[in-house]
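This report concerns only the one structure given below.
The values are calculated or read from the model by the stated rules, or taken from the named source; none is laboratory data. A quick note: this is a predicted structure, and the numbers were derived from the prediction, not measured. Using ideal geometry, Cβ is built from the backbone for each residue, glycine included, and neighbour counts are taken over all protein chains shown. Just the protein is used for accessible areas: all its heavy atoms, side chains included, with ligands, DNA and RNA removed. Shrake-Rupley method; radii C 1.70, N 1.55, O 1.52, S 1.80 Å.
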Number of protein chains: 2
Amino acid sequence: MAKAPVLTPQAEDFPRWYQDLINKAELADNGPVRGTMVIRPYGYGLWERMQQDMDARIKAEGVQNAYFPLFIPQSYLTKEAEHVEGFAPELAIVTHGGGKKLEEPVVVRPTSETIINEYFAKWVQSYRDLPLLINQWANVVRWELRPRLFLRTSEFLWQEGHTAHATYEDARDFASRIHRHVYADFMENVLAMDVVLGRKTAKERFAGAINTLTLEGMMGDGKALQLGTSHELGQNFARAFNTQFLSKEGKQELVWQTSWGSTTRMVGALVMMHGDDSGLRIPPRLAPVQAVVLAIKGDEAVLAKVREIGDRLTAAGVRVQVDDRTDTPFGRRAVDWELKGVPVRIEVGPRDLEGGTAMVVRRIPGGKEPVRLDALPDLLPKVLEEDQALLLRQARERREARTTDVRTVEEAAEAAAAGGWARIPWADLGPEGEAALAEQAVSVRCLVAEDGSVPDADDAPGNVAFVARAY
Amino acid sequence: MAKAPVLTPQAEDFPRWYQDLINKAELADNGPVRGTMVIRPYGYGLWERMQQDMDARIKAEGVQNAYFPLFIPQSYLTKEAEHVEGFAPELAIVTHGGGKKLEEPVVVRPTSETIINEYFAKWVQSYRDLPLLINQWANVVRWELRPRLFLRTSEFLWQEGHTAHATYEDARDFASRIHRHVYADFMENVLAMDVVLGRKTAKERFAGAINTLTLEGMMGDGKALQLGTSHELGQNFARAFNTQFLSKEGKQELVWQTSWGSTTRMVGALVMMHGDDSGLRIPPRLAPVQAVVLAIKGDEAVLAKVREIGDRLTAAGVRVQVDDRTDTPFGRRAVDWELKGVPVRIEVGPRDLEGGTAMVVRRIPGGKEPVRLDALPDLLPKVLEEDQALLLRQARERREARTTDVRTVEEAAEAAAAGGWARIPWADLGPEGEAALAEQAVSVRCLVAEDGSVPDADDAPGNVAFVARAY
């Protein structure tokens, strides 16, 4: 008799598979207030590793961290017309504080462009103060009617960068640096994610931006997920908040700005891009635990050996956890590590010890084979790098296999409905075609230039639109 | 003619000195919503260094980080009677979300005992799940009528630890470990802070706790500041949320809990414990920049030399910044580094180069002397450790000098009013004396046993009360 699967199979019901996995791998729970989320230690550990790596990359670009208040006066939001229009439907409003009704209600930040400009306007006096490069790690709130853990939650965690520059070109180049050298580099090289870098259409742009750069990934079901965005804000917020500087030439000028963000949604993307019917598959460079050494049974020789292997692998630079909880059945523990996506399991029982070997089980390619104990410290780092590369390759191959080149709106909608992406010349689609697709819940994820680079304008000749259903 | 002081002198107006310093050292600004705070990059850099160090210590105790929602249903707060009474006057309430009035208003977390218990009750089934040791780094909101930057703000950043244990003894020991091995050790050895470890009286206890352990520091004006607390919650929240486990003996029992927190207030404490009339003095082990190498003038030889010194000191393990902004007058830059409290300045001008020396200016003891360039890499680490020790010694000596042993309520109130602390046997004070002191805005900061240890009970024989005005 076949065992009942641990998770609903992806092919049967992908959203259900996702929920099952989030729950059984102990990544997160639903919060009590609709749309909120409890991030459990294993899920938070993934986010912490992402934060550490990203934070170092952001600082390497000369950016400093700071912290701006959670509460924003409602009047600030209204200063930039497109911005308030974009965010008004999602706001959470505090009306009472300290037992009294507030004179002016305050908004729980959905993003911080407005409050940050209030301070940039005070801090920036002269061209010497530019560029001003600030980032914050924070929680934000956007009321969510159709919440899904990690992907769309009423509160989420993120970093939001905000910069001010003396010239349009400097701002544009900085937004692009973040897009490519921070976000894309991190996602490809640490998260092993396949991402398409492009430009949002006017319809999909951030509320208040003159240009939005995006990274789009294909999930296991063929849908698209936006993984990070970097915006050129032009002088829109500078005008609204009068953020001026004295130029080298002695003139008062408005600053040029950028903002850019990436969120806990990346954890959801990790699940949906790399996960399979047995659970998560964590890229080794990200993994808090790269290898788990399991004692199959609780005899002394086995316990001593798993600890020794743990120590030797730690010394070899591998992030190891020893699992000697032999009061829990081995099978249950093995399934649990499989669910949690730890890249390598090293299983040790009395029979293995006799042969001087351990069973090495690789989560990412699958498969197991016995390995001599003294070969483990050399083998593991190689295996981990191989598996890191494999994950990226598999994701890339899936996207290529599931992307169709088309020429009409109908064909694009069909490809999206069939669980894939369509590529269509923007000249063949245009804003009208985009509107027609929207009626079928299909969107233009981004525009990409003919040579694969990020175009400078929506209407640059040769632009190709990537079209898909999206989370 | 004497130069105008950079800051209001401490002796003239301590609160004004504090405000001046926070402002001129660019630590923080007032936020637009009353009581909120913008933490500027230099202030946030101090907090980040605190976080990193504390986070490692917390994890070394076996605690895992997680994240619980900002929004808590109002009904949760009311489940523990003392808890709601303590926090109700400080709550911020969200009444509208996503454009609609909410069916049940939600509270912006003032602390997370209630929401965390809701999940502990689900996660804990058996004694095998205990102890459950969780921490989160988060923002919290407590509406503040008399805000002061870092010390009392409507929103602040903190870590809050929450643990569940099988026995009273295990919970008690854990609360004590955090109090001594995490908080006190960090504050003394990294922040160079002199702290008194004690027990809060029943009046001063956390709302919902059966015991609160505290760390109290004396600020430059002789007032006390509570620097961190670790609470034994007993079974109060477990009872309210039905957080039960199946014991080894097969019985359903309520867990025993702790919670403990430390906040951005520590930045304010750092200012007020170590600052002087020239600005901050940052303990070297904390300092993001331990030594700044200043080019006095912009000639090529000087600029090349400051960069070389910077590289050599970095190689010697010192956190260095090179200041070659010679388009700003040297004097202004020197005052600014003094304000920011960087422990060591190394000033290099053309004349120094001729002599093969640099001027080493020590912020903590004060004073300057020329040092041969090749002696710097050996000298700096020694100087930094000396100055770290000096800061702690100075703080301790000040507390001892300004603490008076008394026997009556009147004497205690007098000592506090004179800008110091009083030590009085708890048997001579008691709850009635404590109430009498409260009328004069003087409080019992903590109880300490005769031998200096933390007492097990308010009424243990020999307990001494530390009495002071407090922030």
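Among the residues of the stretch A:2-13, is any free of Cβ contacts under 8 Å to residues at least 60 places away in the same chain and either within 14 Å of another protein chain (Cβ to nearest Cβ) or under 30 Å from B:T95 (Cβ atoms) (or both)?
No, there is no match, as no residue in the stretch A:2-13 is free of Cβ contacts under 8 Å to residues at least 60 places away in the same chain and either within 14 Å of another protein chain (Cβ to nearest Cβ) or under 30 Å from B:T95 (Cβ atoms) (or both).
Restricting attention to the stretch B:36-61, which residues are facing another protein chain (nearest Cβ under 9 Å) and either open to solvent by less than 10 Å² (accessible area, probe 1.4 Å) or aliphatic (A, V, I, L, M) (or both)?
B:T36, B:M37, B:V38, B:I39, B:G43, B:W47 - these are the residues of the stretch B:36-61 that are facing another protein chain (nearest Cβ under 9 Å) and either open to solvent by less than 10 Å² (accessible area, probe 1.4 Å) or aliphatic (A, V, I, L, M) (or both).
Select from the stretch A:458-471 the residues that are touching a residue at least 40 places away in the same chain (Cβ under 8 Å) and open to solvent by 20 Å² or more (accessible area, probe 1.4 Å) and list them in ascending order.
If the condition is that a residue be touching a residue at least 40 places away in the same chain (Cβ under 8 Å) and open to solvent by 20 Å² or more (accessible area, probe 1.4 Å), then A:D458, A:V464, A:R469, A:A470, A:Y471 are the ones that fit.
Could you count how many residues in the stretch B:89-105 are among the charged types (D, E, K, R) and closer than 17 Å to A:R146 by Cα?
Within the stretch B:89-105, the first condition is being among the charged types (D, E, K, R), and the residues that meet it are B:90, B:100-101, B:103-104.
Now narrow it down to the ones that are closer than 17 Å to A:R146 by Cα: B:100.
Counting residues in the stretch B:89-105 that are among the charged types (D, E, K, R) and closer than 17 Å to A:R146 by Cα gives 1.
If we scan the stretch B:338-360, do we find a residue that is surrounded by 16 or more Cβ atoms within 10 Å (Cβ to Cβ), modelled with pLDDT under 95 and within 14 Å of chain A (Cβ to nearest Cβ)?
no
Restricted to the stretch B:14-35, and to residues that are in a helix (DSSP H, G or I) and of a type in the set (A, V, I, L, M), which residue is farthest from the other protein chains (Cβ to nearest Cβ)?
Pass one, the stretch B:14-35, residues in a helix (DSSP H, G or I): B:14-24.
Imposing the further condition that a residue be of a type in the set (A, V, I, L, M) reduces the set to B:21-22.
Working: B:L21: 18, B:I22: 14 Å.
Only one residue tops the list, namely B:L21.
For the stretch A:85-108, which positions are within 9 Å of another protein chain (Cβ to nearest Cβ), assigned to a helix (DSSP H, G or I) and of a type outside the set (G, A, S)? Give the steps one after another, and end with the answer.
We begin by selecting, within the stretch A:85-108, every residue within 9 Å of another protein chain (Cβ to nearest Cβ); these are A:88-100, A:102, A:104-106, A:108.
Checking the rest, the ones that are also assigned to a helix (DSSP H, G or I) come to A:88-90.
Scanning the stretch A:85-108 gives A:P89, A:E90.
Mind listing whichever residues of the stretch A:119-153 are surrounded by fewer than 19 Cβ atoms within 10 Å (Cβ to Cβ), assigned to a helix (DSSP H, G or I) and facing another protein chain (nearest Cβ under 10 Å)?
Scanning the stretch A:119-153 gives A:K122, A:W123, A:R128.
Just for the stretch B:159-200: of the residues that are of a type in the set (G, A, S) and open to solvent by 10 Å² or more (accessible area, probe 1.4 Å), which one is nearest to B:K59 (Cα to Cα)?
We begin by selecting, within the stretch B:159-200, every residue of a type in the set (G, A, S); these are B:161, B:164, B:166, B:171, B:175-176, B:184, B:192, B:198.
With the extra rule that they be open to solvent by 10 Å² or more (accessible area, probe 1.4 Å), the set shrinks to B:166, B:176.
Working: B:A166: 20, B:S176: 16 Å.
Only one residue tops the list, namely B:S176.
Select from the stretch A:62-74 the residues that are within 9 Å of chain B (Cβ to nearest Cβ) and either free of Cβ contacts under 8 Å to residues at least 40 places away in the same chain or more than 26 Å from A:F237 (Cα to Cα) (or both) and write down the one among them that is farthest from the chain's Cα centre (by Cα).
Step one: list which residues in the stretch A:62-74 are within 9 Å of chain B (Cβ to nearest Cβ), which gives A:64-73.
Imposing the further condition that a residue be either free of Cβ contacts under 8 Å to residues at least 40 places away in the same chain or more than 26 Å from A:F237 (Cα to Cα) (or both) reduces the set to A:71, A:73.
Numbers: A:F71: 25, A:P73: 29 Å.
Going through the qualifying residues, I end up with A:P73.
What are the residue pairs meeting all of these: first residue in the stretch B:120-137, first residue among the charged types (D, E, K, R), second residue modelled with pLDDT under 95, Cβ atoms under 8 Å, and 6 or more apart or on different chains?
B:R128/A:D327
Which condition number in (1) in a strand (DSSP E or B); (2) within 29 Å of B:Y471 (Cα to Cα) is the one that B:A56 fails?
For B:A56, the exception is condition (1).
Which of the residues that make up the stretch B:182-223 are part of a strand (DSSP E or B) and under 22 Å from B:L157 (Cβ atoms)?
Once the filter is applied, which keeps residues that are part of a strand (DSSP E or B) and under 22 Å from B:L157 (Cβ atoms), the stretch B:182-223 yields B:T212, B:L213, B:T214, B:L215, B:E216, B:G217.
Give just the number: which of (1) within 29 Å of B:G43 (Cα to Cα); (2) assigned to a helix (DSSP H, G or I) does B:R351 not satisfy?
All conditions are met except number (1).
Looking only at the stretch B:224-283, which residues are within 29 Å of B:V442 (Cβ to Cβ), open to solvent by 10 Å² or more (accessible area, probe 1.4 Å) and touching a His at 6+ places or on another chain (Cβ under 6 Å)?
Within the stretch B:224-283, B:R281 is the sole residue that qualifies.
Table: residues versus (1) at pLDDT 95 or above; (2) open to solvent by 20 Å² or more (accessible area, probe 1.4 Å).
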{"position": "B:A66", "(1), (2)": "yes, no"}
{"position": "B:L77", "(1), (2)": "no, no"}
{"position": "B:G98", "(1), (2)": "no, yes"}
{"position": "B:V108", "(1), (2)": "yes, no"}
{"position": "B:N117", "(1), (2)": "yes, no"}
